[in-house]
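Comments concern the structure below.
Coordinate-derived values only; no laboratory data. None of the values given here were measured: they were computed from a predicted structure. Backbone-built Cβ (ideal geometry, glycine too); neighbour counts: all protein chains shown.
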Amino acid sequence: MTDNVTLRGIRLEPELVTSIYDNEMEDRLPVSLSAVPKVLTDAVIAVEDKNFYHHEGISIRGSLGALWADIQKKQITRGGSTLTQQLVKNFYLNPERKWSRKIPEMLMAVLLEMRYGKDEILEAYLNQIYLGQNGAVQIAGVEEASQVYFGKHVTYLSLPEAATLAGMIHSPNVLNPINHPDRAKARRDTVLKLMLDQEKITREQYEAAVASPMTTTRFPRTSRSAPFFVDLVLKQLKETHPETQLKTEGLRVFTTLDTMMQRSAEQALDGGIADLEKRYAYLRKSASPLEGVILTIQPGTGYVKALVGGRNYSKTQFNRAIQARRQPGSLFKPFVYATAMDPARGQQAFTAATVLDDSPISIRTGNAVWTPQNYDLRYHGQVTVREALAHSYNIPAVRAAMNAGVPNVIKTAATIGIESHLAPYPSVSLGAFEVTPLEIAYAYSAFANLGVKAEPISILAVSTAEGKLLESREVKMRRVAPASVCYVMNDVLKGVFEFGTASKARQLGFERPFAGKTGTTSSYRDAWFIGYSPRILSLVWLGFDDGHSVRLAGGDACVPIWTNNMNRVSGLIPDVDWKRPEDVIDRQIDPQSGMLATPYCPQTKDEIFVSGTEPTSVCPLHAGSGEPSPFWRDNTETAQTSEGLVPNPAGPQPAPQQQPKKKEERGLRKLLRSIFGGQ
């Protein structure tokens with residue numbers, strides 16, 4: 001194949017994620033007879049139809065024996081059916097056990113044998129036989145059953161495992177090796193004895209197999225790829241297609257799933273939670289298991305690339321990625337600061353360099369007093385917005401919400417993509433409300449896409465089985481925030497990786513220029529992390545379904561899992577950074593005051609600003625001697641609110657003087673107090 005050559009008529013088939021059959025919603029993975037080990041075909045034939053290769057569809061002797069047994073007991077107790085008859089019954093006839101149904105069953109079996117070879121019939125039988133339940137879904141076929149019960153492809157089944165599956169055919173749920181291991185072992189040993197008697201195995205093989213313990217996977221696994229993602233697809237399909245069409249017309253659904261990213265997410269979540277349980281005994285010994293979510297999306301299109309809604313789909317089909325409502329905690333802080341950074345506020349707008357006071361604060365709402373605290377139970381004095389977000393300090397976020405106005409914060413969040421109801425109380429600034437992981441992830445995608453939000457998409461197109469296009473879904477995008485504000489926010493949130501609460505990602509080898517935010521809720525009930533770039537966004541959530549404490553912060557619980565996942569798929573993600581909007585400018589500032597640096601400032605740094613919000617006055621702390629001017633404030637303050645609504649005081653104002661004199665220092669002190677509050 002050479003470059004610059006147009007290839008026509010080539011159809012690249014996408015990877016099959018799953019097949020869902022008929023009204024019974026069966027899971028089935030078809031497999032060729034050549035992939036089925038001989039020990040399994042021998043076991044099935046030995047226990048179900050030892051003369052399979054010698055009859056012509058029916059066994060006269062078997063049918064007469066079954067009839068005589070039924071006459072004696074005055075009810076149908078024995079089947080007497082060949083494999084071919086069982087195939088006919090399962091494909092074409094209802095499950096009623098009546099002799100009036102036996103005649104057409106026998107005739108159809110003879111006709112089937114006349115048309116198809118024995119191997120074709122056996123392959124069809126092995127692919128459709130019912131072998132129990134996997135949660136709410138029926139298990140059909142030996143490949144599906146092999147993966148569910150033994151966690152391996154059918155090709156790799158051992159003799160004892162093959163005998164176990166063959167023995168289940170008689171009564172799949174009663175002989176389930178996970179739920180009823182003793183019954184399953186007894187039945188397995190019966191099958192092994194039949195194989196020995198029919199000279200399918202040697203005495204040595206028989207004795208070794210009978211002596212082996214009954215081993216299965218700890219929990220039944222689903223072989224359906226990306227089951228939680230498939231649930232989202234089915235949910236969205238039902239919104240536009242009648243259920244009868246979905247069940248009967250064999251639709252082909254083309255999705256946004258990236259199977260490599262999906263497998264990586266599943267492995268990262270499984271391995272990460274297992275590691276936490278190994279390190280922390282209280283997690284391992286919990287009555288309910290620690291659960292998790294990984295959600296990976298493409299910000300520029302809204303495509304869902306990977307979705308894991310829990311640890312084990314077979315055990316519970318509750319899809320936490322789209323159904324669980326949990327508090328986001330500190331994940332909400334960027335929405336607070338984005339509101340305060342709105343350039344429409346002019347010189348009142350916050351910047352990355354705005355200095356906030358991280359000291360005790362109490363807020364009265366009606367008859368109650370709310371006293372927020374930082375997660376480390378410490379206070380850090382004067383901090384910039386950049387520092388406050390990187391370290392996820394709570395009190396500066398509360399002050400920012402008070403300054404911008406809580407109703408304005410709620411409006412910003414709703415515009416960007418938080419659809420859940422937010423009550424107008426100060427605690428909303430710390431994420432004291434409930435959202436779904438999908439909801440908060442797509443709200444963050446607006447930051448990743450510089451203020452343009454794409455609607456969630458899991459389905460690209462739907463066609464008939466013959467290839468006729470029925471539906472094609474387009475990317476839907478809208479601007480929800482200024483590009484300049486989002487660019488500054490992303491730059492600030494890069495600090496979360498560099499020196500903030502997600503710095504562990506760097507220690508674990510993740511080096512990409514990503515932005516991110518950890519989240520931890522009250523009493524450590526929820527742990528979160530979202531990390532993103534222009535091309536990808538991935539969310540990790542950990543918690544218990546019953547809401548008891550994980551006792552770990554997002555940086556400790558989620559960042560290692562997120563990093564493991566991203567390191568696995570880094571080769572699939574373009575290494576690009578955000579392009580700076582034209583209305584974002586640089587200024588050199590004093591980080592202690594947030595104002596323009598003077599030659600006397602002991603420390604300076606380059607900071608970015610949305611044009612029109614940059615400082616215009618020089619640093620008032622280092623007037624000319626290099627020594628800081630008096631700069632102090634009280635350690636406590638109380639804010640009064642009415643019915644939870646927070647007033648909107650003036651934002652931080654630059655000092656009007658260029659070279660402050662000693663007699664003007666009290667005025668400066670008074671000005672700073674008016675900005676940050678105090679007695």
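In table form, for the structure just shown:
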quantity: Residue order, fewest to most beta carbons within 10 Å, for Phe91, Phe433; calculated: Phe91, Phe433
quantity: Sum of side-chain charges, Gly451 neighbourhood, beta-carbon under 11 Å (Lys, Arg +1; Asp, Glu -1); calculated: +3
quantity: Backbone HN-Hα couplings from phi across the stretch 317-334 [Karplus 6.51/-1.76/1.60, Hz, Gly and Pro as x]; calculated: 8, 5, 8, 5, 5, 10, 10, 6, 10, 10, 6, x, x, 5, 4, 7, 4, x
quantity: The stretch 327-426, relative contact order [Cα under 8 Å, separation at least 6], %; calculated: 31 percent
quantity: Förster radius 22 Å - calculated FRET efficiency between His180 and Asp119 (Cβ-Cβ, nearest 0.05); calculated: 0.10
quantity: Subset of Lys118/Lys468; Lys235/Lys285; Lys333/Lys605; Lys235/Lys517; Lys238/Lys579 violating a 28 Å alpha-carbon distance limit; calculated: Lys118/Lys468; Lys235/Lys285; Lys235/Lys517; Lys238/Lys579
quantity: GluC sites (Glu not before Pro) lying in DSSP loop within the stretch 238-317, provided at most 13 other Cβ fall within 10 Å; calculated: Glu239, Glu249
quantity: Long-range HN-HN contacts of Met341 with modeled amide H, under 5 Å; calculated: Phe350
quantity: Whole-Å semi-axes of the ellipsoid equivalent to the stretch 116-168 (Cα gyration tensor, √5λ, descending); calculated: 19, 15, 9
quantity: Options Met341, Leu276, Leu331, ranked by Cα towards positive dipole end of the stretch 271-346, top entry (Cβ charges); calculated: Leu276
quantity: Amide H within-cut-off set for Thr255, under 5 Å, with H built and near neighbours excluded; calculated: Leu460
quantity: Largest-first ellipsoid semi-axes for the stretch 549-594, taking √(5λ) over the Cα gyration tensor eigenvalues, angstrom; calculated: 32, 23, 8
quantity: Under-5 Å amide H pairs with Glu471, H placed in peptide plane, nonlocal only; calculated: Val462
quantity: Entries of Lys50/Lys200; Lys102/Lys185; Lys89/Lys152; Lys411/Lys453; Lys38/Lys89; Lys305/Lys453 with Cα pairs more than 22 Å apart; calculated: Lys102/Lys185; Lys89/Lys152; Lys38/Lys89
quantity: Burial ordering of Ser225, Ser617, fewest other beta-carbon atoms within 10 Å first; calculated: Ser617, Ser225
quantity: Exposure proxy ranking, count of Cβ atoms within 10 Å, fewest first, for Thr521, Thr259, Thr371; calculated: Thr371, Thr259, Thr521
quantity: Environment charge of Arg478, counting only residues whose C-beta is closer than 12 Å and scoring Lys/Arg +1, Asp/Glu -1; calculated: +2
quantity: Dipole magnitude of the stretch 439-540, debye to nearest 20 (Cβ charges: Lys/Arg +1, Asp/Glu -1, about Cα centre); calculated: 160 debye
